[in-house]
Amino acid sequence: MSKVFWQVSLSLDGFMEGPEGDLRETALFTDDDFEAYADEMLGSIGAMILGRKTYDLFVDHWPTATGWQAEQMNAIPKYVFSRKLKRSDWTNTTLYSELSSETIAEIKNSTNKDIAVFGSSALAASLVKMGVIDEFRMMITPFVIGSGTPAFRSDDVRLGLHLKEIRKGPSGMVSLFYERAENKI
């Protein structure tokens, strides 16, 4: 069965974006090692799950981008959860206005490859509560930004995680890959 992973870039102090949505030190920060990882990761996923804000960022870039990563991003089935979006012109995009465990099960059964959840902190918080995220991929950038949107937004869920892998990039980015531990804290 497919594994669902949440991938998020965040500052050293735990923010996905800075004040007023600034992404320079988080989601827009990259290095050669991250680009190699992105190629590998995009080749391994069979679907992606997005919230509206991440969808808006992606749809502003990927449909008109060129290159292998753009081809992958455009070809992969995308499942977007939003109460505001009513339609999408981005290839292979399905919109849902409500999140349910049944819908996530259908998405998981639609592919035998992994499923990526990118960014989307509010959606990810709901998926964590539902217990459907199997792996957490935290891309820690070498910045402290002081405030913004925290990666973990739910204070009523506690998780036990097991460190699976660490990757260090030449820029100072450190990627931490955690899987759910059998026992919650």
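With respect to being among the basic types (Lys, Arg), out of contact with any Phe, Trp or Tyr (no Cβ under 8 Å at 6 or more places or on another chain) and not in a loop (DSSP other than H, G, I, E, B), LYS53 fits the description. If you go through the stretch 110-138 and keep only what is of a type in the set (S, T, N, Q) and free of Cβ contacts under 8 Å to residues at least 60 places away in the same chain, you end up with just SER126. Counting the residues of the stretch 29-61 that are loosely packed, with under 15 Cβ neighbours inside 10 Å and under 16 Å from PHE177 (Cβ atoms) gives 3. Within the stretch 1-28, if we keep just the residues that are at pLDDT below 90 and more than 21 Å from SER147 (Cα to Cα), the residue that is surrounded by the most Cβ atoms within 10 Å (Cβ to Cβ) turns out to be SER2. Selection of the stretch 109-135 for residues being farther than 13 Å from VAL157 by Cα, of a type in the set (A, V, I, L, M, F, W, C) and out of contact with any helix residue (DSSP H, G or I) (no Cβ under 9 Å at 6 or more places or on another chain) yields an empty set. Pairs meeting the criteria (first residue in the stretch 76-104 and in contact (Cβ under 8 Å) with a residue 40 or more places away in the chain, second residue in a loop (DSSP other than H, G, I, E, B), beta carbons under 7 Å, at least 6 apart or on different chains) are PHE81/LEU99; ILE104/VAL132.
In the condition set (1) surrounded by fewer than 17 Cβ atoms within 10 Å (Cβ to Cβ); (2) assigned to a loop (DSSP other than H, G, I, E, B), GLU102 is compliant with all but (2).
Of the strands (runs of 3 or more DSSP E) lying entirely inside the stretch 109-171, those carrying at least 1 residues that are loosely packed, with under 15 Cβ neighbours inside 10 Å and of a type outside the set (A, V, I, L, M, F, W, C) are 161-168.
Among the residues of the stretch 8-49, those that are more than 19 Å from ALA75 (Cα to Cα), assigned to a strand (DSSP E or B) and not β-branched (Val, Ile, Thr) comprise SER9, LEU10, PHE15, MET16, GLU17. Of all residues assigned to the stretch 155-164, at least one qualifies as being within 21 Å of LEU42 (Cβ to Cβ) and free of Cβ contacts under 8 Å to residues at least 60 places away in the same chain.
Just one of the listed residues (LEU95, LEU85) is modelled with pLDDT under 95, surrounded by fewer than 18 Cβ atoms within 10 Å (Cβ to Cβ) and outside any helix (DSSP H, G or I), namely LEU85.
The values are calculated or read from the model by the stated rules, or taken from the named source; none is laboratory data. Just so you know, these numbers come straight off a predicted model, no measurement behind them. Heads up, the Cβs are rebuilt from the backbone with ideal geometry, glycines too, and the neighbour counts pull from every protein chain shown.
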